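Read the structure below first, then the notes.
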Amino acid sequence: MKWDEFFVTGDPMIYGADVSIVLTMVGILFYLTRYKKWKWLWTEWLTTVDHKKLGIMYIVSAVLMLFRGGVDALLMRTQLAVPEAKFLDSQHYNEIFTTHGTIMIIFMAMPFLIGIINVVVPLQIGARDVAYPYLNAVSFWTFFIGAMLFNISFVIGGSPSAGWTSYMPLASNELSPGPGQNYYLWGLQIAGIGTLLTGINFLVTILKMRAPGMTLFRMPMFTWSSLVTMVIIIFAFPILTVALALMSFDRLFGSHFFTLQGEGMDMLWANLFWLWGHPEVYIVILPAFGIFSEIISTFSKKTLFGYKAMIWSMLLIAGYSFLVWVHHFFTMGSGAAVNSVFSITTMAIGIPTGVKIFNWLFTMYRGKIQFTTPMLWSLGFIVNFVVGGVTGVMLAMAAADYQYHNTYFLVSHFHYVLIAGTVFGCFAGLIYWYPKMFGYKLNERIGKWVFWLFTIGFNVCFMPQYFLGLDGMPRRVYTYSEESGWGPLNMVSTLGGFMMGIAFLVLVYNMYYSFRFAKRETTGDAWGGRTLEWSTPSAMPPFYNFAKIPEVTGLDHFWRQKQAGKVEKLTAKDIKKIHMPSNSGVPFIMGSFFFVLGFGFVFDWIWMAFLGGIGVIGTLIYRSFEYDDGYYVSVEEVLETEKISK
Amino acid sequence: MAHAETHDPNTPLEYRSETGRLNILGFWIFLGAEVALFATLFATYMVLTHRIADGPALGELFEVKSLLIQTFLLLTSSFTCGLAVHEMRRHNVKGLMLWMIITLGLGLGFLYFEIQEFLHFIHEGANIGTSAAWSGFFVLVGTHGAHVTFGIFWVTMVLIQVAKRGLTPATSAKVFITSLYWHFLDVVWIFIFTAVYLMGMVMHHG
């Protein structure tokens with residue numbers, strides 16, 4: 001392979017990206033060295049096993065990926081703003097919609113929510129950490145490495161271009177030669193390991209680490225939604241693992257799972273992909289539902305309406321999520337009988353979702369509603385998500401789907417559920433728990449600007465796409481003719497897209513502004529919360545979370561304590577020594593070896609993949625032989641941290 | 001996380017530490033994910049089993065003798081693995097070591113015959129690229145074989161730790177978890193035996 005094949009060349013935008021990547025790297029290295037931050041970076045972040053710090057690292061990575069995926073989106077909207085534009089050629093456009101979809105789902109939505117789960121769930125259940133803190137770090141680093149591997153594709157070797165669904169035979173060696181598609185396969189495979197481990201980790205954490213008295217039906221709704229999500233992850237991700245491995249074998253070793261030769265079956269890929277892919281949709285929406293439940297309850301000053309109905313709805317949704325996958329390809333010849341079954345299951349899934357919508361509305365009914373920014377995002381969610389849901393039921397009708405399939409109607413539908421559901425949820429959760437993570441709130445006034453800019457921009461961007469779709473505009477086309485008449489609505493859509501981009505920049509500015517100027521919280525209860533995470537005496541909980549593990553007597557325990565004026569005050573005799581896990585650099589090193597392994601397979605350099613594999617196994621063995629039982633935090637240190645005098 | 005705890009003397013050693021209990025539960029859940037993984041591979045295999053293109057039919061090349069030897073070795077190894085855990089619960093390190101090493105020997109024997117069989121198939125003109133059916137076969141059975149290989153290395157590592165540290169709540173939980181893994185591979189083999197070999201031969205020979 002020559003150097004000009006290794007690096008992507010020929011496009012001025014790529015050279016611009018090269019320069020900005022190099023400058024950013026140099027800038028970071030300079031900053032770390034100039035201000036002697038290397039040791040801080042290693043001991044505080046790279047080796048941490050603290051769920052709160054790992055959560056913050058997940059969220060920071062997800063925000064970066066939101067930027068990357070968002071730039072992709074704006075490039076596409078720019079190309080489509082006017083008919084027959086020459087801004088991007090077809091190959092470049094294909095690459096961009098592929099990376100946009102993959103990054104937004106796998107490397108933005110999921111890590112954003114997993115980050116919030118990491119920060120919040122152990123605090124909500126009154127635990128000092130997760131069940132497997134070391135494994136949690138492994139999860140993060142495999143996710144991060146998978147994301148980085150996928151992201152370098154656009155400057156080294158070339159990006160995948162077969163769509164985030166990577167249907168065969170389009171994604172085969174014959175039609176997608178070169179390393180691009182391999183980046184997709186190995187980036188997702190490595191990140192997928194981390195997701196599965198997260199699933200196991202948090203399922204056990206929630207089942208086994210709850211504070212005394214917190215029965216399953218006393219758990220906060222966000223914890224419940226996380227529990228259900230983890231179960232879906234555990235059963236869905238192995239399917240993706242297998243599907244990706246089989247495609248890798250097709251591409252690397254000449255097997256015939258999905259190929260046209262050797263009687264392979266291309267539709268088998270579509271089935272396996274969506275057998276994972278549809279549950280995946282619920283993996284990224286259920287935690288968001290949990291976030292909205294917490295926020296709506298907090299800012300209506302009422303217990304969540306229909307707590308148990310909410311839980312049963314989620315369990316139903318989780319079950320149904322595995323029974324609807326064929327609706328992604330009604331038009332691909334499954335036949336009337338099969339289509340009817342999946343049409344009905346798909347419509348049925350709207351029922352538990354509808355139950356949840358009404359529960360949120362009834363929670364607000366007669367509540368004292370405070371219009372804080374997290375609450376605004378939650379209200380915006382209800383309105384906009386219903387638009388996505390209704391069009392979803394339209395798409396669920398198999399016969400009608402023949403009209404909508406592969407048009408912008410579908411594109412608009414899934415953006416209405418994924419943005420108004422997942423992205424609004426991520427923003428709402430980030431703002432709501434921001435004081436828990438950093439000790440101060442994001443500025444509310446700027447936050448409201450972000451909300452209105454983003455929500456209006458979102459509707460301006462995607463509402464026209466419903467009509468473009470009904471008018472026949474297919475998805476995944478890089479341009480269209482003047483005569484089609486799609487020009488004006490596309491221009492409107494593009495303007496909306498840029499409005500969302502501006503809203504994102506204002507959000508980032510708000511982080512900077514609040515870091516500089518926001519009033520620091522003096523208590524742990526920034527919003528008048530109801531659940532245990534707000535019961536810590538300091539705004540940011542210490543690394544051991546709770547000096548004394550709380551005892552829970554019912555739902556909304558902390559709220560009812562406050563109402564009764566019986567919030568426990570810690571005294572010196574409550575404090576005992578606390579056992580905590582040790583930090584470890586091994587997960588980071590293991591992640592680095594995974595990078596070597598993945599990079600080797602991407603370029604079919606088996607020797608390099610082999611070296612990476614040896615490294616990964618080496619770190620596994622090292623861990624197996626390491627007997628580290630953690631350490632104890634002394635009573636004196638806890639007293640000092642909690643500012644309690646003896 | 002490990003704490004000094006009081007317990008019922010009848011509690012097995014591997015369940016006596018918090019870490020041990022959590023790890024065992026987590027591993028059971030991991031096995032749930034493994035079930036999903038193998039279920040996907042089985043489904044793939046079954047969809048593709050008749051798509052033989054120009055290659056030989058699967059049942060045409062299967063041989064009863066090799067199959068029975070492999071099955072006998074692996075099923076026996078599951079039994080000896082059970083005996084090892086039984087000895088562990090009696091705090092008999094020697095017995096544990098002995099039965100586990102026998103288990104590993106049987107596992108190696110299984111692998112030897114499996115590799116022989118694969119080489120035989122390749123010699124007869126059936127490899128991973130011959131047809132969709134053979135791709136499905138090699139990847140399903142090969143994934144199981146790769147699991148056995150991983151298991152052999154893993155059990156060896158754990159036995160070294162038992163030899164160095166003796167039976168503690170930590171080491172015994174590790175032994176117990178590897179035993180769960182080993183039995184699980186046995187269960188998967190029973191499905192492979194039925195769904196791949198028996199059905200393949202019955203379909204072919206009628």
Within segment A:406-442, the residues whose backbone N lies under 16 Å from a label point placed 7 Å from the Cα of A:Phe517 along the Cα-to-Cβ direction are A:441-442
Expressed in angstrom, Rg and Dmax over the Cα atoms of segment B:72-206 are 17.2, 56
Taking a probe of 1.4 Å and leaving out DNA, RNA and ligands, the protein assembly as shown shows per residue an accessible area in Å² of 41
Under 5 Å from the placed amide H of A:Gly630, counting only residues 5+ away or on other chains, we find A:Ser582
Note on segment A:446-514: the mean projected area of its alpha-carbon convex hull, in nm², is 5.0
In vacuo Debye sum over C-alpha of segment B:17-103, base-10 log of normalised intensity I(q)/I(0) at q = 0.25 Å⁻¹, listed in q order, is -1.14
Buried by partner chains in segment A:561-603 (accessible area down by at least 50 Å² vs chain alone, 1.4 Å probe, heavy atoms, protein only) are A:His579
So, with points 7 Å from each Cα along the Cβ direction, the A:Ile21-A:Leu74 label distance in nm works out to 2.0
For A:Lys53, counting only aspartates and glutamates whose alpha-carbon sits under 12 Å away and dropping same-chain residues fewer than eight positions off, the answer is A:Glu44, A:Asp129
Length-normalised contact order of chain A, Cα under 8 Å, at least 6 apart, in percent, tallies to 17
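Inverting the mean 1/r over all pairs of different Cα atoms, compute the Kirkwood radius of segment A:432-580 and quote it in Å.
After inverting the mean inverse Cα-Cα distance, the result is 19.5 Å.
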Per DSSP, the loop-located GluC sites (Glu not before Pro) within segment A:557-646 having at most 11 other beta carbons within 10 Å are A:Glu568, A:Glu626
The answer for GluC sites (Glu not before Pro) in segment B:109-178 that fall in a DSSP coil and have at most 14 neighbouring Cβ atoms within 10 Å is B:Glu124
Computed over segment A:500-616, the convex hull of the Cα set has an average projected area, in nm², of 13.9
The set of residues whose placed amide H lies less than 5 Å from the amide H of A:Phe7, leaving out same-chain residues fewer than 5 positions away, is A:Gly157
Dividing the alpha-carbon radius of gyration of segment A:189-237 by 2.2 N^0.38 Å, where N counts its residues, gives 1.22
The Cα extents of segment A:102-154 along the principal axes, largest first and rounded to whole Å, are 43, 20, 9
Cα-based Rg/(2.2 N^0.38 Å) for segment A:1-147, rounded to two decimals, is 1.30
Long-range amide H partners of A:Tyr440, meaning residues 5 or more apart or on another chain whose placed amide H is closer than 5 Å, are A:Glu521
Env charge @ A:Ile446, Cβ radius under 15 Å, K,R +1 / D,E -1, value +4
Expected output for segment B:133-173, residues with a loss of 30 Å² or more in accessible area relative to the chain alone at probe 1.4 Å, reads B:Ser135, B:Val139, B:Met157, B:Gln161, B:Arg165
Largest first and rounded to whole Å, the semi-axes √(5λ) derived from the alpha carbon gyration tensor of segment B:9-57 read 43, 10, 6
Nearest 10, in degrees from 0 to 90: the angle of helix A:487-517 to the longest Cα principal axis of chain A is 30
Buried by partner chains in segment B:114-131 (accessible area down by at least 30 Å² vs chain alone, 1.4 Å probe, heavy atoms, protein only) are B:Ile128, B:Gly129
On the accessible surface of the protein assembly as shown, probed at 1.4 Å with all protein chains in place, carbon and sulfur together account for a percent value of 70
For segment A:555-595, using Cα atoms only, the Rg and Dmax in Å read 20.4, 54
Note on segment A:248-308: C-alpha Rg/Rh, Kirkwood Rh, two decimals, gives 1.41
Rounded to the angstrom and largest first, Cα extents along the principal axes for segment A:83-209 equal 57, 31, 24
Scoring chain B by relative contact order with C-alpha pairs under 8 Å, at least six apart, yields a percentage of 34
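How big a patch of accessible area, both sides summed and in Å² to the nearest 100, lies buried between A and B at a 1.4 Å probe?
Its buried surface, counting both partners, is about 3200 Å².
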Ordered by number, the chymotrypsin sites (Phe, Trp or Tyr not before Pro) in segment A:1-40 that occupy a DSSP loop and have at most 12 other Cβ atoms within 10 Å are A:Tyr35
Taking Cα atoms only, helix A:180-208 is inclined relative to the longest principal axis of chain A by an angle, in degrees rounded to 10, of 30
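Just checking the output field for A:251-263: average partner chain Cβ neighbours within 10 Å of each residue's Cβ? Each step should come with its number before you reach the end.
Working: counts 0, 0, 6, 5, 11, 13, 8, 3, 3, 0, 4, 14, 11.
That works out to 6 on average.
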With T = 4 °C, eta = 1.567 mPa s and Kirkwood Rh from C-alpha pairs, the Stokes-Einstein D of segment A:193-293 in µm²/s is about 84
log10 I(q)/I(0) for segment A:399-493, Debye formula on C-alpha points only (no solvent), q = 0.24, 0.26 Å⁻¹, two decimals, reads -1.19, -1.30
Cα-Cα pairs in chain A separated by more than 33 Å, as a whole percent of all pairs, come to 47
With Cα coordinates, the longest principal axis of chain A makes an angle with the long axis of helix A:221-253, in degrees rounded to 10, of 40
Along principal axes, largest first, the alpha-carbon spread of segment A:1-71 in whole Å comes out as 44, 29, 24
Using alpha carbon positions and the Kirkwood radius, the Rg to Rh ratio of segment A:235-340 is 1.16
With the label point 7 Å along the Cα-to-beta-carbon line of B:Glu60 and a cut-off under 18 Å to each amide N, the hits in segment B:111-140 are B:118-138
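The values are calculated or read from the model by the stated rules, or taken from the named source; none is laboratory data. Quantities reported herein were computed from a predicted structural model and do not represent experimental measurements. Ideal geometry is used to build each Cβ from the backbone, glycine not excepted, and the neighbour counts take in all protein chains shown. The accessibility values were calculated without ligands, DNA or RNA, using every heavy atom of the protein model including side chains. Shrake-Rupley method; radii C 1.70, N 1.55, O 1.52, S 1.80 Å.
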